[in-house]
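Visitor: Mind looking over this structure? Questions follow.
The values are calculated or read from the model by the stated rules, or taken from the named source; none is laboratory data. What you are looking at is a predicted structure, and each value in this text was computed from that prediction instead of being measured. Here the Cβ positions follow ideal geometry from the backbone for every residue, glycine too, while neighbour counts run over all protein chains shown.
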Amino acid sequence: MDYRIFGCPVYVLNKDLQDNPSSAKKWAKRAWQGIYLGHSKQHTHNVALIYNIKTSHVTPQFHLVFNEEFTTITPGNVNNQDGQLDKLFQK
């Protein structure tokens, strides 16, 4: 079992492409973004539970790409959080 970072962004292959890979259109969107919530206990070890941001549903998914290197703040400004908040909420 591969452990992943809880809450990291995940890109899930669209259902049409999962079922029939030859049905891909050149400029069609191929994936949707979700949030990783852990592994499913009801499925095999490589099936993850993904929260769909648009539908607010949690579903087991297999065809995934994890973005575990995401950050919410820049590493160089960790000690300057007040300065970042001031920039965010400028009038």
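Visitor: How many of the residues making up segment 27-63 are under 18 Å from Cys8 (Cα atoms) and of a type in the set (Lys, Arg)?
Guide: So the count comes out to 1.
Visitor: Restricting to segment 3-58, and then to whatever is over 24 Å from Thr71 (Cα atoms), surrounded by 15 or more Cβ atoms within 10 Å (Cβ to Cβ) and polar (S, T, N, Q), can you tell me which residue is modelled with the lowest pLDDT?
Guide: Among those residues, the one meeting the criterion is Asn14.
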